[in-house]
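The values are calculated or read from the model by the stated rules, or taken from the named source; none is laboratory data. Predicted model, so just to flag it, every value in this text is computed and none were measured. Please note: Cβ atoms are built from the backbone with ideal geometry, for glycine as well, and neighbour counts cover all protein chains shown. Heads up: the accessible areas ignore ligands, DNA and RNA and are worked out on the full protein's heavy atoms, side chains in. Shrake-Rupley method; radii C 1.70, N 1.55, O 1.52, S 1.80 Å.
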Amino acid sequence: MTAPPTPRLQKVLAATGLASRRVAEQWIAAGRVTVDGRRAVLGDRVDPEQARIEVDGVPVPVKPGLVYYLVNKPAGVVTTADDPQGRSTVIDLVPDEVRLFPVGRLDLDSEGLLLLTNDGELANLLTHPRYGVTKTYVVLVEGVPTPAAVRALTDGVELEDGPARALVARLVGWEEGRSHLELVMGQGRKRVVRRMCDAIGHPVLRLFRTAVGPLTDRTLAAGEYRRLTADEVRALYQAAGRSHQSWHNLSSRPDE
């Protein structure tokens with residue numbers, strides 16, 4: 001038996017939902033698409049199981065069967081694929097169609113946005129410290145931090161496993177005896193937000209992750225999920241690329 005021919009590149013791109021075949025053809029003709037590092041041309045055929053395809057330098061996941069869910073994790077749900085203690089896990093919140101894994105972690109008592117996928121490349125980009133994809137949190141803390149205490153979160157605080165700092169920290173609201181802080185983090189160490197707030201004397205009462213890189217959704221209720229769009233997946237890849245380039249540029253500078 002003769003193996004079926006591999007599909008044309010524009011068909012593979014269209015299957016991702018990122019563009020129609022006609023638009024994909026325009027991208028190829030304009031030189032915006034590469035396959036395994038080579039500039040693509042109209043008429044190219046590719047194996048979606050093996051090919052690395054990029055548009056404008058940003059990877060486009062084309063392997064069949066890739067799934068991406070955004071979940072609003074409630075408190076009390078474990079961020080693991082399964083739990084020896086029999087507790088509810090984030091995997092229980094989504095359809096049992098393929099084997100998925102959580103990208104990064106949220107503590108048992110923490111809430112908010114979490115990505116579940118079987119795309120190992122994207123998961124690595126979003127979790128590896130080298131790429132520094134940001135995560136945004138809103139935390140309810142005891143007391144009302146002074147401007148100096150808030151500034152300390154971005155200047156850096158000493159923790160038992162080394163210094164840690166937020167890229168952005170600001171007071172976004174307060175009431176008697178407690179307040180809300182928004183923190184944008186470029187690192188994902190264990191319980192780092194809680195430990196940083198402890199370090200400035202304002203323990204966390206509630207923690208909610210509101211964004212993963214450019215990805216956010218205020219409409220998801222606790223325990224709900226939805227599939228990511230092709231544009232959102234591309235935006236996550238793009239964010240990892242920008243963060244990696246920023247890290248590379250910073251690390252390449254001569255000492256001042």
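Taken over segment 162-214, residues that are of a type in the set (Lys, Arg) and touching a helix residue (DSSP H, G or I) at 6+ places or on another chain (Cβ under 7 Å) amount to 2.
Checking each residue in segment 21-45 for being within 28 Å of the chain's Cα centre (by Cα), among the small types (Gly, Ala, Ser) and open to solvent by less than 60 Å² (accessible area, probe 1.4 Å) picks out only Ala24. Of the residues making up segment 100-127, those that are of a type in the set (A, V, I, L, M, F, W, C) and outside any helix (DSSP H, G or I) are Leu100, Phe101, Val103, Leu106, Leu108, Leu113, Leu114, Leu115, Leu116. Filtered by the rule that a residue be over 14 Å from Thr127 (Cβ atoms) and among the hydrophobic types (A, V, I, L, M, F, W, C), segment 101-116 gives Leu108, Leu113. A single member of Gly156, Gly104 is open to solvent by less than 40 Å² (accessible area, probe 1.4 Å) and either touching a helix residue (DSSP H, G or I) at 6+ places or on another chain (Cβ under 8 Å) or touching a residue at least 24 places away in the same chain (Cβ under 8 Å) (or both), and it is Gly104. Listed by first and then second residue, the pairs with beta-carbon distance under 7 Å, at least 6 apart or on different chains, first residue in segment 118-131 and closer than 18 Å to Glu54 by Cα and modelled with pLDDT of 90 or more, second aliphatic (A, V, I, L, M) and open to solvent by 30 Å² or more (accessible area, probe 1.4 Å), are Asp119/Leu66. Taking segment 41-70, which residues are under 22 Å from Leu115 (Cβ atoms) and of a type in the set (A, V, I, L, M)? Residues satisfying the conditions are Ile53, Val55, Val58, Val60, Val62, Leu66, Val67, Leu70. Scanning segment 168-191 for residues that are over 14 Å from Leu140 (Cβ atoms), part of a strand (DSSP E or B) and open to solvent by less than 30 Å² (accessible area, probe 1.4 Å) gives Ala169, Val184, Met185.
Condition check for Val71 on (1) open to solvent by 20 Å² or more (accessible area, probe 1.4 Å); (2) hydrophobic (A, V, I, L, M, F, W, C); (3) farther than 20 Å from Gln187 by Cα; (4) modelled with pLDDT of 95 or more: one failure, at (1). Counting only residues that are of a type outside the set (Gly, Ala, Ser) and not in a strand (DSSP E or B), how many does segment 192-219 have? Result for segment 192-219: 14.
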